[in-house]
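Working notes for the structure below.
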Amino acid sequence: MAEKDNLEKEETTKENRSEESVEPQEEELKVEEQIRTAELSDEDKLKAENQELKDKYLRLYSEFENYRRRTAKERLDLIKTASEDVILDMIPIVDDFERSLKTEETEIQSIIEGNHLIYNKLSKVLEDKGLKPVEGLIGTAFDAETQEAITMVPAPTEEMRGKVIDVVEKGYTLGTKVVRYAKVVIGS
């Protein structure tokens, strides 16, 4: 029986040893699994953050594209209707011309006065919109920035060489921009 007791003690000791060796292995496995879980959670966090940033980027990109389309459409609409106020101001002048054509005036002086009134009205409307004629060019040096030389003629005096002798067609500026160059004759 002593032998049996010894065998049982040995088996119990072996089992205890194996249980002791199993427990540290299980604990190590649990710790490794927790580390993996922590790593996975970090990885999952990064994936979630990446997805969130992608979504924000796509939303921002979509908003910008919508803004760009909207402003392009507004710009086209503005260009189409930009001249509306000028045209509305010109309609009364067209009406004046129509009335002058319908009159049966035989007196030339009254026709000339009517034409001057219409011309002054038209000039006033254009001036109110910022259009100004370039004046006082005769006797000034030729300026290629605001003038276009049509021809050169012999200068009447030595002083007039390279200067404007005559203005064939007026030039106009709209604000500070030249919208039509003055056509001039230059003395040579």
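The values are calculated or read from the model by the stated rules, or taken from the named source; none is laboratory data. Predicted model, so just to flag it, every value in this text is computed and none were measured. With ideal geometry, Cβ positions are generated from the backbone for all residues, glycine too; neighbour counts draw on all protein chains shown. Remember, those area values only see protein heavy atoms, side chains included, never the ligands or the DNA or RNA. Shrake-Rupley method; radii C 1.70, N 1.55, O 1.52, S 1.80 Å.
The table below lists the values:
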| quantity | calculated |
| --- | --- |
| E63/K129 FRET efficiency (R0 41 Å; Cβ-Cβ; nearest 0.05) | 0.65 |
| Set of the range 123-152 residues, backbone N closer than 13 Å to the point 7 Å along the Cα-Cβ line of S188 | 150-152 |
| Which of L131, L78 is most accessible, then next, and so on - probe 1.4 Å | L78, L131 |
| Charge dipole (debye, nearest 20) of the range 110-176; +1 at Cβ of Lys and Arg, -1 at Cβ of Asp and Glu | 240 debye |
| Cβ-derived FRET efficiency at R0 41 Å, V153 paired with E84, nearest 0.05 | 0.40 |
| Residues of the range 171-188 with amide N under 18 Å of a point placed 7 Å along Cα→Cβ from T140 | 171-187 |
| Cα gyration tensor shape of the range 58-147, rounded if a/c is under 1.5, else prolate or oblate by comparing a/b with b/c | oblate |
| Phi-based couplings in Hz for the range 80-96 (Karplus 6.51, -1.76, 1.60; Gly and Pro marked x) | 5, 9, 4, 8, 4, 5, 5, 5, 4, 6, 8, 4, x, 5, 4, 4, 4 |
